[in-house]
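The values are calculated or read from the model by the stated rules, or taken from the named source; none is laboratory data. Owing to the predicted nature of the structure, the values given are computational and were not obtained by experimental measurement. Note that each Cβ is placed from the backbone with ideal geometry, even for glycine, and that neighbours are counted across all protein chains shown. Note: accessible area is taken over every heavy atom of the protein model, side chains too, but ligands, DNA and RNA are not part of it. Shrake-Rupley method; radii C 1.70, N 1.55, O 1.52, S 1.80 Å.
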Amino acid sequence: MRPTEFISNLFTTLLQKQPVVHFRDAAGERTQVPIIKGRSLLDSLLDAGVSVPHSCRSGLCHSCALYCSNGALPSASQKGIKDAEKAQGKFLSCLCMPDTSLSVHLSTPLPSTRTATLDSVEHLASGVSILKMRVTDFAFTAGQFCNLTNAYGVTRSYSIASRPGDEHLEFHVRHVEQGHFSQWVRSQLKAGDALSIQGPMGNCCYTFSAHKDRPLLLAGVGTGLAPLYSIVCDALYSGHLAPITLVLGAKKTSQLYYTQALVALTKKFSQFNVHFCVQDDDESGTENLVEADLYQWVKTSYPELAQYTVFLCGAQSFTRKMQRQCFLAGASMNDIFHDSFIPATP
Amino acid sequence: MFNFFKKKQPETPPSLYEKIGGEAAVNAAVDLFYRKVLSDDRIAHFFDSIDMDSQHVKQKAFLTMVFGGPNSYSGKDMRAAHAHMNLTEEHFNAVAENLIATLKELNVAQEDIDSIVTIALSVKDDVLNK
């Protein structure tokens, strides 16, 4: 926008006391557009020549979704948006008839970055390091993840394994051969070190108000346990009203971790159950263990999932296959939440 | 604001989309329909490596269109989206059968099913790239 245009727009705005929308596109370019009463925000933006992807204009296709960072969103504009995304300010511009000024963005506003001090790092025999760190005033929803950046500027995404409100933020770092981040964690990271942490992000979330009455099926492989552990603890300690089942898959028993803590939780909460599905039981003595194929076991044990809310976390090959299986077993698409872990390219 | 004037005009009969229940009908149908499509050996393989979340959104848009609802489906889009798939009559019929089975399961009236099938047939040439 040219400065003269900006000033004339500003004049119009001031004279009429008309609410405006401050729009920022993907490249960070800002535009200010007056809001016309009775007209959708999408139409107001399109009228002004702002390019916004859109299709059905009736709240179905979600292609005109924007994010609001400031201002009062009409609740009708968040119809059909998942809770975690609502919290990020996501709304449908075609359904948005604002009365007051708004600041909106084309893409998710990135959460702030801050420094965390590592309290402890523990390397488990199963090939996972447990990081516990302290960050003040950090609010998140169970199931979300953060970007961690080390002293060499290497950034990786890790799910939060602790429960909202816990003293520490906990992350599980799987040891990857020649992995820049995980090898640094294994060989150099020590208590007292600082890490840069950006978050929280992600929509594979448990919220007590939305899910409290639903039976939960959570399934994961590898460090997919991290977000599921946060969800299980949050649900149980919040007083979840329905049964909760966690199923963890691994090739070998020795690759599993937190088995004792999870079995202990089943003893403390009768509504909670855990099952470990392994192909090869190379360590005897693990309770709640079955030697079975994970997919087959879930299929036979949970043939009917229509009433369930499902959480799936781990490698993408796993989440995709399991999402399809659970959907075919009757779970509604809107009740299947998944977080796919994609390996970093070196 | 023009309601006052509108009232004087003769009432228009509800559209097909309004009649069968609008967005709620689409929401009720989409999972049933998508599940049938994924379980149909004639067409299931087209969906093997597809992102289910975005496919689910597309299924909703498709159902909204055939239910006579607000949509922006254009013949050009339909052609472009299906061109690389080498679809045949059999594939189109499979989708149509799953659609009809879904509607019957939801107890949609036969005359409305007929109207919906007519809309679905109207995109057949585009889908089959004829």
Report every pair of residues separated by at least 6 positions or lying on different chains whose Cβ atoms are under 7 Å apart, first residue within the range B:22-50 and within 25 Å of B:Glu89 (Cβ to Cβ), second assigned to a loop (DSSP other than H, G, I, E, B).
B:Ala29/B:Leu106; B:Val37/B:Ile43
Kindly indicate whether any position in the range B:113-126 is over 24 Å from B:Ala28 (Cβ atoms) and buried (at least 19 other Cβ atoms within 10 Å of the Cβ).
yes
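Here is a yes/no grid of residues against (1) without any contact (Cβ under 8 Å) to a residue 12 or more places away in the chain; (2) charged (D, E, K, R); (3) more than 30 Å from A:Ser340 (Cα to Cα); (4) away from chain A (no Cβ under 11 Å):
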{"position": "B:Ser54", "(1), (2), (3), (4)": "yes, no, no, no"}
{"position": "B:Thr64", "(1), (2), (3), (4)": "no, no, no, no"}
{"position": "B:Asn86", "(1), (2), (3), (4)": "yes, no, yes, yes"}
{"position": "B:Glu90", "(1), (2), (3), (4)": "no, yes, yes, yes"}
{"position": "B:Ala101", "(1), (2), (3), (4)": "no, no, yes, yes"}
{"position": "B:Lys104", "(1), (2), (3), (4)": "yes, yes, yes, yes"}
{"position": "B:Asp114", "(1), (2), (3), (4)": "yes, yes, yes, yes"}
Which of the residues belonging to the range A:53-75 are open to solvent by less than 60 Å² (accessible area, probe 1.4 Å), outside any loop (DSSP other than H, G, I, E, B) and out of contact with any His (no Cβ under 6 Å at 6 or more places or on another chain)?
A:Ala65, A:Leu66, A:Cys68
Given (1) within 11 Å of chain B (Cβ to nearest Cβ); (2) open to solvent by less than 30 Å² (accessible area, probe 1.4 Å), number of the condition A:Leu305 does not satisfy
(1)
Helices (runs of 4 or more DSSP H) completely within the range A:167-244 that count 2 or more residues being open to solvent by less than 20 Å² (accessible area, probe 1.4 Å), more than 26 Å from A:Ile81 (Cα to Cα) and at pLDDT 95 or above:
A:180-187
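Determine which member of the set A:Ala84, A:Ala48 is closer than 27 Å to B:Pro70 by Cβ and among the aliphatic types (A, V, I, L, M).
Answer to the selection: A:Ala48.
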What pairs come out if I take residues in the range A:33-57 that are under 15 Å from A:Val104 (Cβ atoms) and within 14 Å of chain B (Cβ to nearest Cβ) and pair them with residues that are open to solvent by less than 70 Å² (accessible area, probe 1.4 Å) and among the small types (Gly, Ala, Ser) whose C-beta lies under 6 Å away, six or more apart or interchain?
A:Leu42/A:Ser93; A:Pro53/A:Ser63; A:His54/A:Ser63
Where residues in the range A:57-78 are in contact with a helix residue (DSSP H, G or I) (Cβ under 8 Å, 6 or more places away or on another chain), at pLDDT below 85 and not aliphatic (A, V, I, L, M), which of them is nearest to B:Gln55 (Cα to Cα)?
A:Cys61
Is it true that some residue in the range A:255-262 is within 14 Å of chain B (Cβ to nearest Cβ), at negative phi, in contact (Cβ under 8 Å) with a residue 12 or more places away in the chain and open to solvent by 10 Å² or more (accessible area, probe 1.4 Å)?
no
Picked from the range A:40-51 (must be of a type outside the set (Ser, Thr, Tyr) and touching a strand residue (DSSP E or B) at 6+ places or on another chain (Cβ under 7 Å)), the residue most open to solvent (accessible area, probe 1.4 Å) is A:Ala48
Please work out if B:Lys76 is open to solvent by less than 40 Å² (accessible area, probe 1.4 Å), part of a helix (DSSP H, G or I), at pLDDT below 90 and on the phi < 0 side of the Ramachandran plot.
no
Any residue in the range A:64-83 that is farther than 18 Å from A:Ser103 by Cβ sitting within a Cβ distance under 8 Å of a residue that is open to solvent by 20 Å² or more (accessible area, probe 1.4 Å) and of a type in the set (A, V, I, L, M)? List the pairs, counting only those 6 or more apart or interchain.
A:Ala76/A:Leu95; A:Ala76/A:Met97; A:Lys79/A:Leu95; A:Asp83/A:Ala210
Scan the range A:123-137 and give yes if some residue there is away from every other protein chain (no Cβ under 14 Å), surrounded by fewer than 16 Cβ atoms within 10 Å (Cβ to Cβ), of a type in the set (A, V, I, L, M) and assigned to a strand (DSSP E or B), otherwise no.
yes
Condition check: open to solvent by 90 Å² or more (accessible area, probe 1.4 Å), closer than 20 Å to A:Tyr229 by Cα and within 14 Å of chain B (Cβ to nearest Cβ). Does A:Ile336 satisfy that?
no
Would you confirm, using the coordinates I've provided, whether A:Val274 is open to solvent by less than 40 Å² (accessible area, probe 1.4 Å), under 25 Å from A:Arg324 (Cα atoms), out of contact with any Pro (no Cβ under 6 Å at 6 or more places or on another chain) and in a strand (DSSP E or B)?
yes
